[in-house]
Amino acid sequence: MTDLVRDFNLNPEALGHLTSAVQFGFICGTLFFAFLTIADRFSPSKVFFFCALIGALFNAGTILDNNSFESLLIFRFLTGLSLAGIYPVGMKIAADYFQKGLGKSLGFLVGALVLGTAFPHLLKEITGSEGLPWRSVLLLTSGISVLGGSLILIFVPNGPYRTRLTKPDFSALFRVFKNSEFRSAAFGYFGHMWELYAFWAFVPVILKAYQQIHPAASFSISLISFLIIGLGGIACVAGGFISEKIGVKKTAATALFLSGLCCLLSPLIYFINSEIILISFLFFWGLVVVADSPLFSTLVAKNAPSQSKGTALTIVNCIGFSITIISVQLLNILQVLMNEIFLLSILAAGPVIGLIALYQKR
C-alpha cells in the first residue's frame with residue numbers, strides 16, 4: 001500500500017481511504033446480495049466463480065499506470081464488493097452440503113480465512129525490508145482468485161440440501177431476525193466481531209509497545225504476529241470437532257468467555273518481564289478469539305429458514321464487518337488519548353454483550 005501511494009503520488013492519508021474502500025465495498029456488497037437474495041436464488045458455486053473472476057479483474061485494475069486517486073478508490077471498492085460473493089457464499093455452499101457436522105466444515109472454511117488474514121505478516125517476514133513489487137503481489141492474488149473460483153465451479157456442484165428461491169424475497173433479510181434463536185446467534189456473532197478484527201489489527205501494536213517497555217525483548221514482530229493470528233486457523237478446526245462432543249452453542253460461549261477474559265487481563269502482561277509468558281498469552285488469545293467464529297455462523301445457518309440460509313449468512317456478515325470498522329477506528333482514536341496498556345481491555349464489551357445475547361431468555 002505504501003508503494004502504491006508513492007508510485008501514484010498520493011497524499012499519505014490516501015492509504016487509510018484505500019484500505020477502508022475495500023471494507024466498505026464488502027459491506028455494500030453483502031447488503032446488496034442479501035436484499036436481492038442472490039445466494040438463495042442462483043447456484044452458489046456459479047456466484048462464487050463469477051465474483052472471484054470479476055474481483056480478480058478489479059484487483060488487477062489497480063496496477064494500471066493511468067490510475068488516479070478516484071479510480072483507485074473505485075477499483076478497491078469494487079474488489080471489496082466482489083468479496084461479498086466469496087466468504088458468505090462459501091459458507092452457504094458448506095451449509096448446502098452439511099446438515100450434521102456443519103460446525104466442523106465451517107471450521108475448516110473459516111480456518112482458511114484466518115490463514116489468509118495472517119499471511120501478509122509472514123510475507124513481510126520472508127521478503128524482508130525490500131518486499132515483493134506491489135504490482136506482482138496484486139497480479140499473483142488475482143491469479144489465485146481465478147484459480148480458486150474455477151476449482152469451486154468445476155469440483156463443487158450444488159449441495160444436496162440446497163433449497164432454491166424462485167423469485168426475489170426483499171423481506172427475507174428482515175424476517176430472519178424475527179426468530180429469537182437466530183437473533184441470539186446473530187448478536188453473539190456481533191459481540192465476537194467487535195473484538196476479533198480489532199485484536200488482529202492491534203497485535204503488532206501490542207508487541208511493539210511491549211518491546212518499548214522491555215527493550216531487551218528481541219522477538220520478530222512480523223513472525224510472532226503471523227503465528228498469533230495464523231494459529232487461530234487450527235482453533236477453528238479444533239472448535240468444530242469439540243462442538244460435536246459438547247454442542248455448538250456451549251463451545252462458542254466458552255471461547256467467547258475466554259477471549260473476553262483475555263481482554264480484561266491484557267494490561268497485566270506489560271508488567272511481566274518474560275517474552276515466553278507474553279507470547280504464550282497472545283498465542284492462547286489468538287486461539288480463543290476466533291475459535292467461535294465458525295460456530296456462530298453454524299448457529300446462524302441452523303436457525304435460518306432453509307430457503308434463506310444464504311441471505312441470513314450474508315446479512316449477518318454485513319452487520320458484523322460493519323461493527324469491525326467501528327471497533328478498529330475507536331481503538332485507533334483512543335491509542336493517542338490513553339495509555340496503550342489499557343487499550344485492548346475495551347474490547348471486552350463485545351464478548352460480554354455476545355454472552356448476554358446467547359443466553360437471554362427472551
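Things to note:
- Qualifying residue in segment 90-108 (condition: assigned to a helix (DSSP H, G or I), over 15 Å from Val22 (Cβ atoms), of a type in the set (Val, Ile, Thr) and in the same structural domain as Ser306 (by TED's automatic domain parsing)): no
- Condition broken by Ser327, with the remaining ones in (1) under 13 Å from Tyr189 (Cα atoms); (2) at pLDDT below 90 satisfied: (1)
- Residues in segment 120-168 that are at pLDDT 75 or above and of a type in the set (Gly, Ala, Ser): Ser136, Ser142, Gly143, Ser145, Gly148, Gly149, Ser150, Gly159.
- Output for segment 232-282, where each listed residue is closer than 18 Å to Ala217 by Cα and surrounded by fewer than 15 Cβ atoms within 10 Å (Cβ to Cβ): Leu268, Phe271, Ile272, Asn273, Ser274, Ile276, Ile277, Ser280
- Within segment 264-287, the only residue that satisfies the criterion of being under 19 Å from Met193 (Cβ atoms), hydrophobic (A, V, I, L, M, F, W, C) and more than 19 Å from the chain's Cα centre (by Cα) is Leu264.
- Any hit, segment 62-70, residues being under 22 Å from the mean Cα position of the chain (by Cα), outside the structural domain of Phe321 (by TED's automatic domain parsing) and either buried (at least 20 other Cβ atoms within 10 Å of the Cβ) or assigned to a helix (DSSP H, G or I) (or both): no
- Some residue of segment 260-283 being of a type in the set (Asp, Glu) and closer than 24 Å to Tyr87 by Cα: no
Per-residue answers, yes or no, for (1) under 25 Å from Ala291 (Cα atoms); (2) β-branched (Val, Ile, Thr):
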{"residue": "Ile154", "(1), (2)": "no, yes"}
{"residue": "Tyr161", "(1), (2)": "no, no"}
{"residue": "Phe174", "(1), (2)": "no, no"}
{"residue": "Phe177", "(1), (2)": "yes, no"}
{"residue": "Gly188", "(1), (2)": "yes, no"}
{"residue": "His192", "(1), (2)": "yes, no"}
{"residue": "Leu196", "(1), (2)": "yes, no"}
{"residue": "Glu244", "(1), (2)": "yes, no"}
{"residue": "Ala252", "(1), (2)": "yes, no"}
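- Matching residues, segment 217-231, being touching a residue at least 24 places away in the same chain (Cβ under 8 Å), of a type in the set (A, V, I, L, M, F, W, C) and surrounded by fewer than 23 Cβ atoms within 10 Å (Cβ to Cβ): Ala217, Phe219, Leu223, Ile224, Leu227, Leu231
The values are calculated or read from the model by the stated rules, or taken from the named source; none is laboratory data. The structure displayed is predicted, hence computed values, not measured ones. Don't worry about glycine lacking a Cβ; one is built from the backbone with ideal geometry, like all the others, and counts go over all protein chains shown.
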